[in-house]
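Participant: Mind looking over this structure? Questions follow.
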Amino acid sequence: MGLGVAAGKPALGQPPVANVVRIVVPASVSTPPDILARLVGTALSEGEGWNVVVENKPGAVMTIGVTEVLKQPADGHTLLSVTAPIAAVPALVPAASFNLETDFAPLIQVGTAYNVLVVNPSHPVHSVAELIAYLKKDPGKHTFSSGGFGTPAHLLGELFKLETGVQATHVPYVQFPQAIGDLVAGVNTYQFITILPVVQLINSGKLRALAVMGRKRVAALPEVPTIVEAGYPQLASEDWAGMMVKSGTPAPAVAQLNAAVNKALKTDKVRGRWPSSALIQAAARRRRSARCCTARSRTGPRWSRTPTSRSPHKIAT
């Protein structure tokens with residue numbers, strides 16, 4: 001699925017290669033990397049006059065979208081919008097034919113976001129401890145949802161089961177909005193989800209937040225305790241959002257893109273779509289981005305503990 005805006009001046013490169021900039025999202029519509037790509041893409045079109053096209057290429061634990069970017073020239077015209085779960089790809093797909101640290105160059109770290117554990121309010125649970133007791137009372141009866149195999153919701157759900165000893169069935173969805181809608185409707189019991197898409201549902205009482213999956217409380221949900229406060233520091237995690245380009249992209253093109261995205265992030269239109277610090281914006285410098293992406297890409301082994309990494313249904317590329 002694409003989003004295009006007409007443009008009036010060339011994009012990048014010396015000399016210009018094209019007047020189109022593609023932002024590839026290795027996830028479905030309405031997921032955090034998709035929201036990021038569309039916000040930034042629209043701002044780039046309006047602010048720089050570029051013709052920006054956002055393309056969703058989900059599937060195979062993000063490897064379809066990643067591989068698509070690697071097929072393109074290293075000229076700065078194709079960007080990859082990513083979030084932290086991409087670091088888990090080596091653990092989930094050992095046969096993946098790419099290396100994030102060598103095949104890609106960090107363009108920008110946009111910010112840090114946190115997941116939140118939410119339940120349908122029809123269930124009589126108001127804390128993590130109560131949820132665990134509730135799930136253990138009827139082993140295997142309850143379900144937790146996600147936007148698909150290998151997503152943060154799935155990985156955190158499996159780690160939650162390992163650390164607490166609860167039994168629950170994973171229900172993956174092809175479309176992320178449907179997973180949220182079914183949770184609100186009571187089809188599933190709980191879900192781990194990034195704050196951005198559900199903060200209004202939580203504030204309106206359609207979902208109940210039990211814990212933020214970080215070590216500190218966040219401004220978007222100041223009354224919600226952290227998973228550390230709930231007694232499970234080993235489940236603490238954070239989600240970063242950013243963009244990458246193919247290794248070998250000329251330095252002037254990378255610098256131009258970095259400056260343009262930084263400019264876009266400061267616009268009122270982009271800032272206004274990130275409510276109450278649901279996404280904590282970073283300094284957005286390439287050096288910071290490089291440190292972040294390199295560090296996070298080495299956290300994949302953490303997820304090798306989950307059943308997903310040992311599943312016979314793992315997807316090879």
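Participant: Would you mind checking Lys71/Lys206; Lys216/Lys266; Lys71/Lys263 for any pair whose Cα atoms are more than 32 angstrom apart? Don't jump to the answer; show the numbers that get you there.
Facilitator: Values: Lys71/Lys206 43 Å; Lys216/Lys266 25 Å; Lys71/Lys263 28 Å.
Those over the limit are Lys71/Lys206.
Participant: Under 17 Å between alpha carbons, and skipping anything fewer than 8 positions from Lys57 in its own chain: which aspartates and glutamates qualify?
Facilitator: Counting by Cα, and skipping residues close in sequence, Lys57 has these aspartates and glutamates nearby: Asp34, Glu68.
Participant: Using a Cα-Cα cut-off of under 16 Å, which lysines could be cross-linked to Lys137, ignoring same-chain neighbours fewer than 8 residues away?
Facilitator: Lys137 reaches Lys161.
Participant: Excluding Glu68 itself, what net charge comes from residues whose Cβ is under 12 Å from its Cβ, given Lys and Arg +1 and Asp and Glu -1? Mind dumping the intermediate values first?
Facilitator: Working: positive: Arg22, Lys57, Lys71, Lys246; negative: Glu55.
Surrounding charge for Glu68 is +3.
Participant: Summing Lys, Arg as +1 and Asp, Glu as -1, what charge do residues with Cβ under 10 Å from the Cβ of Gly248 carry, Gly248 excluded?
Facilitator: Values: positive: Lys246; negative: Asp75, Asp103.
Taking every Cβ under 10 Å from that of Gly248, the sum is -1.
Participant: Same structure again: At what distance in angstrom do the alpha carbon centres of segment 127-181 and segment 15-82 lie from each other?
Facilitator: 30 Å
No value in this document is a laboratory result; all are computed from the given coordinates. Bear in mind the structure is a predicted one, so any value in this text is a computation, not a measurement. Don't worry about glycine lacking a Cβ; one is built from the backbone with ideal geometry, like all the others, and counts go over all protein chains shown.
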